[in-house]
1. Name the residues in the stretch 31-47 that are part of a strand (DSSP E or B) and more than 17 Å from R6 (Cβ to Cβ), would you?
2. Being charged (D, E, K, R) and outside any strand (DSSP E or B) is the filter; apply it to the stretch 1-30 and report the residue that is least open to solvent (accessible area, probe 1.4 Å).
3. When you check V33 against the structure, is it at pLDDT 95 or above and open to solvent by 60 Å² or more (accessible area, probe 1.4 Å), yes or no?
Amino acid sequence: MEAPLRHFSVGDRVTHDEHGLGRVVAVEEGIAVLVEFGPEVRKRILSPYTKMAAL
């Protein structure tokens with residue numbers, strides 16, 4: 001059974017297993033999200049977002 005797809009929106013607060021707490025700043029629907037984890041740290045996280053969860 002497949003896990004349900006996770007959906008994120010700009011402004012969502014998230015936690016990532018490797019990068020910690022962040023905020024979604026851009027969404028490429030079904031492909032990736034850009035998350036800001038600090039003032040100088042932005043990471044592009046690819047779907048299916050297995051290491052990330054919304055808060």
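1. Passing the criteria: E36, F37, G38, V41, R42.
2. First, the residues of the stretch 1-30 that are charged (D, E, K, R): 2, 6, 12-13, 17-18, 23, 28-29.
Filter once more, so that each one left must be outside any strand (DSSP E or B): 2, 6, 12, 17-18, 29.
Values: E2: 165, R6: 103, D12: 47, D17: 124, E18: 120, E29: 128 Å².
Among residues in the stretch 1-30 that are charged (D, E, K, R) and outside any strand (DSSP E or B), the one least open to solvent (accessible area, probe 1.4 Å) is D12.
3. Taking the combined requirement at face value, the residue does not satisfy it.
The values are calculated or read from the model by the stated rules, or taken from the named source; none is laboratory data. Bear in mind the structure is a predicted one, so any value in this text is a computation, not a measurement. Neighbour counts are summed over all protein chains in view; Cβ atoms, including those assigned to glycine, are modelled from backbone coordinates with ideal geometry. For the accessible areas, the whole protein counts, side chains as well, though only heavy atoms, and no ligand, DNA or RNA atoms are used. Shrake-Rupley method; radii C 1.70, N 1.55, O 1.52, S 1.80 Å.
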